[in-house]
Every structure is written in structure tokens, then in C-alpha cells.
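Have a look at the structure below before the remarks.
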Amino acid sequence: MSETFLSIQGVRKAFGATTVVKDFNLDVARGEFVSFLGPSGCGKTTMLRMVAGFEEPTAGRILIGGKDVTNLKPNQRNIGMVFQAYALFPNLTVAQNIGFGLKVAGAAKSEIDQRVKEMLAIIKLEEYGARYPYQLSGGQQQRVALARALAPRPKLLLLDEPLSALDAKVRLSLREEIRSIQKKLDITTIFVTHDQEEALSMSDRIVVMYDGRAEQAGTPFEIYNQPATRFVANFVGTLNVLDATVVDPAAGTVRVNDNDIPLKTGMLNGAKAGDVLSLALRPEAIALGARQGNDSRLSGEIADVHFLGSVIRVRVGLGKGLVSLDTFNNSATPPPRVGDKAQISFSSGDVLVLR
């Protein structure tokens with residue numbers, strides 16, 4: 001990783017007797033895009049507000065570019081911030097909104113005009129400079145808010161759920177634009193979201209937060225495929241959880257629904273015969289029927305079939321449990337029927353043990 005630009009060191013935040021951020025530590029590299037992902041109330045926005053300077057930590061330090069900014073005001077930190085609400089000035093044109101920060105900083109009119117022109121080109125609204133916010137769509141207004149935050153050339157960009165108020169199609173388009181602009185400008189960015197798809201698709205790294213703590217920090221690949229805790233495994237992506245009884249710890253054998261299946265060497269370290277464990281499997285790791293390379297098989301009954309176009313979502317009943325899997329639609333092969341007997345297969349290498 002390149003040099004650290006943002007360093008959050010042992011930060012804690014309490015409001016009275018309630019601690020909302022607990023011993024938070026994170027180093028963010030220059031130019032990196034990091035998402036804070038978690039459910040409502042997990043502390044992600046509070047952590048962002050402390051980086052911005054809108055909240056003061058109860059304990060710990062925040063460094064930007066090697067400088068301790070813990071006690072500095074927001075306007076002393078050289079940051080740009082975009083909120084969920086667009087917060088544009090309704091009485092100013094698009095161009096005036098974008099240039100507002102530069103005007104407050106005392107920049108010359110020629111410099112402001114040039115920078116506004118550059119930002120309008122970056123957000124692809126070159127012909128909209130003379131319009132007012134009410135004449136724009138929600139997606140266009142959010143792009144103007146982004147341009148306004150970037151116009152003063154901040155060293156750090158903070159985005160607080162900027163897409164949550166938009167409809168799905170606009171949200172998808174705008175997140176691609178935000179990521180493209182961030183890469184083009186090579187600006188260090190912290191993005192707060194509760195939407196796992198946004199975090200997975202946009203981020204260099206993700207920090208999954210729960211109950212004020214950073215449960216896990218890693219690349220999208222690591223967060224999805226190698227979750228460190230049960231919460232991360234359940235929160236990110238769809239997860240199947242199966243109860244398993246340890247049969248032979250040394251051999252790595254467990255029993256699920258009266259079927260013995262092998263696990264990878266070392267996965268049962270510390271377990272004893274008779275212990276009950278939870279096994280986790282992503283839907284895409286499960287095949288309906290046999291698949292080459294799959295060494296584990298379970299028998300059940302088709303419980304639900306949902307046709308979703310290119311994909312068919314199938315749920316298979318296994319005793320008292322249900323397993324979801326996705327199979328591609330094939331016009332030559334009709335989908336299974338509810339009540340049919342079915343066998344599923346998967347590789348022991350795709351199984352996670354949730355302790």
C-alpha cells in the first residue's frame with residue numbers, strides 16, 4: 001500500500017453514557033477509496049463526522065497528511081463533503097453553487113470561472129451552468145453537490161450516503177460516475193453506506209462496522225469470501241447457514257441432515273466429536289445436482305422456485321433447514337418443480353465455519 005494519508009488512531013466517541021464508536025483504528029492510503037459499511041446505528045456516520053470535524057472524539061487522534069487535525073475546525077482540514085441531502089443553494093445557479101467555496105476563499109473570478117468550467121465537464125453538465133437546482137433531476141443535483149465539494153481541490157473527499165435518496169437506476173449510474181471521477185482526480189475518499197452492493201462495487205477497501213466497532217477491514221473480495229466474523233458473513237451478501245455436528249475432528253468430518261461431509265484440513269481445530277457448529281455457504285457455491293470438483297452432497301426437496309429472468313432462484317429443504325441457490329435459465333431445460341426430490345453439491349473448500 002502507498003503512503004498513509006488518513007490515519008484514525010484509537011478513536012472513541014461517547015454521547016453521555018452511550019459509546020457509539022469504540023476504539024476505531026484505520027490507515028487509508030493516498031488516493032484510496034474506502035467505504036464504511038454497516039446497518040443504521042453502527043457508528044459509521046459518526047466516525048465520518050469526526051473525520052470531517054463536525055464531531056470531536058472523546059478519545060484518540062485523527063491525522064490527515066501526517067498532521068494532527070483532531071481539534072481543528074472543518075474549514076481547517078481541506079476536505080470536501082457530500083451529504084445525502086443535496087443542500088444546494090436554491091437561489092444560486094449551478095455554476096454559482098459549484099464556485100461557492102472558491103468565492104468564499106477569495107479566489108479571483110477568472111480562476112473560479114475556469115474551475116467551474118472544468119467541474120461541469122467532469123460531471124457532464126456543461127450546458128447546465130445557468131440553470132437553478134429546481135430545474136435539475138435528483139441525480140443531476142447530486143452531481144452538482146459533488147462538483148461543489150471538489151471545486152476547491154480538497155485533499156480528502158467524504159461522502160455520507162450520497163445515493164440513498166435516488167431511485168435504483170440513477171443510483172447505479174451515479175455510483176459509476178463517482179468512482180470514475182475519484183480515480184481521475186486520485187483523491188482519497190471515505191464513503192459511508194448501508195448498501196453492500198454499493199460498497200462491493202465501488203471500494204478499494206471496505207470497513208464493515210457493527211455496534212461502534214470495525215468488525216473487519218479488507219478488499220471487497222476478502223470481505224465477501226473471507227468474512228472474519230459471523231456478523232460480516234451474514235451482513236455482506238446472501239448466506240446459507242447449516243447446523244453441523246462434528247463426527248471426526250481429526251478427519252475433518254461433520255454431519256449435516258444425516259449426511260457426512262468433509263471439511264478442509266484445520267477447520268475443526270479445537271472441536272470435539274459431538275460439538276455443533278454453523279456452516280456457511282454462499283448461494284453461488286451450491287449446485288443443483290452434481291458438479292465437477294464438488295466433494296460434498298446433501299439430499300432434500302425443492303421448496304420454492306422463483307423465475308427471475310436470466311437466473312432461477314431455488315430453495316431446497318434439508319430437514320428443518322432451507323438452502324438457497326441460483327441456477328442460470330436454460331430455455332431447453334425446464335426449472336425444477338416444488339416437491340421434487342433434489343440433490344445439492346458443493347466443494348468443502350467453499351464452506352466457512354462460523355464459531
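The values are calculated or read from the model by the stated rules, or taken from the named source; none is laboratory data. These numbers were taken from a predicted model, which means no experiment stands behind them. Virtual Cβ from ideal backbone geometry, glycine too; neighbours counted across all protein chains shown. These area figures cover heavy atoms from the full protein model, side chains too; ligands, DNA and RNA do not enter into them. Shrake-Rupley method; radii C 1.70, N 1.55, O 1.52, S 1.80 Å.
Laid out as a table, the results:
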quantity	calculated
Residue list for region 197-217, filter: open to solvent by 20 Å² or more (accessible area, probe 1.4 Å) and either assigned to a loop (DSSP other than H, G, I, E, B) or under 18 Å from residue 84 (Cβ atoms) (or both)	197, 204, 211
Tally of residues being open to solvent by less than 20 Å² (accessible area, probe 1.4 Å) and not in a helix (DSSP H, G or I) across region 181-193	7
Long-range neighbours under 6 Å by Cβ, at least six apart or interchain, first residue more than 11 Å from residue 257 (Cβ to Cβ) and free of Cβ contacts under 8 Å to residues at least 24 places away in the same chain within region 317-334, second part of a strand (DSSP E or B) and of a type in the set (Val, Ile, Thr)	329/312
Candidate set: region 307-320, residues that are closer than 13 Å to residue 242 by Cα and touching a strand residue (DSSP E or B) at 6+ places or on another chain (Cβ under 6 Å); chosen: the one surrounded by the most Cβ atoms within 10 Å (Cβ to Cβ)	316
Filter pass, residue 304 being acidic (Asp, Glu), open to solvent by less than 80 Å² (accessible area, probe 1.4 Å) and touching a helix residue (DSSP H, G or I) at 6+ places or on another chain (Cβ under 6 Å)	no
Test: residue in region 218-233 that is open to solvent by less than 50 Å² (accessible area, probe 1.4 Å), among the hydrophobic types (A, V, I, L, M, F, W, C) and outside any helix (DSSP H, G or I)	no
Subset tally (residues that are open to solvent by less than 50 Å² (accessible area, probe 1.4 Å) and out of contact with any Pro (no Cβ under 8 Å at 6 or more places or on another chain)) for region 242-253	4
Segments classed as strands (runs of 3 or more DSSP E), wholly inside region 1-47, with at least 1 members that are within 15 Å of residue 216 (Cβ to Cβ) and among the aromatic types (Phe, Trp, Tyr)	18-29, 33-37
In region 291-310, the residues that are among the aliphatic types (A, V, I, L, M) and either under 27 Å from the mean Cα position of the chain (by Cα) or closer than 22 Å to residue 252 by Cα (or both)	298, 308
Residue ID - nearest to residue 235 (Cα to Cα), chosen from residues in region 1-50 that are of a type in the set (Asp, Glu), open to solvent by 30 Å² or more (accessible area, probe 1.4 Å) and at pLDDT 95 or above	23
Selection within region 82-123 - surrounded by fewer than 12 Cβ atoms within 10 Å (Cβ to Cβ) and under 31 Å from the mean Cα position of the chain (by Cα)	121
Top-ranked residue in region 136-160 [being assigned to a loop (DSSP other than H, G, I, E, B), of a type outside the set (Lys, Arg) and open to solvent by 30 Å² or more (accessible area, probe 1.4 Å); ranked as farthest from residue 78 (Cα to Cα)]	137
Residue 288 within 31 Å of the chain's Cα centre (by Cα) and touching a residue at least 24 places away in the same chain (Cβ under 8 Å)	yes
Subset of region 323-350 that is farther than 14 Å from residue 288 by Cβ and out of contact with any helix residue (DSSP H, G or I) (no Cβ under 8 Å at 6 or more places or on another chain) - its residue that is most open to solvent (accessible area, probe 1.4 Å)	331
Residues that are surrounded by 15 or more Cβ atoms within 10 Å (Cβ to Cβ) and among the small types (Gly, Ala, Ser), drawn from region 282-299	285, 287, 296
Any pair with Cβ under 7 angstrom, 6 or more apart, that starts in region 155-170 at a residue that is among the β-branched types (Val, Ile, Thr) and ends at one that is open to solvent by less than 50 Å² (accessible area, probe 1.4 Å)	170/138; 170/139
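Rundown of residues vs (1) at pLDDT below 95; (2) surrounded by 16 or more Cβ atoms within 10 Å (Cβ to Cβ); (3) under 15 Å from the mean Cα position of the chain (by Cα), yes/no style:
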{"residue": "176", "(1), (2), (3)": "yes, no, yes"}
{"residue": "195", "(1), (2), (3)": "yes, yes, yes"}
{"residue": "240", "(1), (2), (3)": "yes, yes, no"}
{"residue": "264", "(1), (2), (3)": "yes, no, no"}
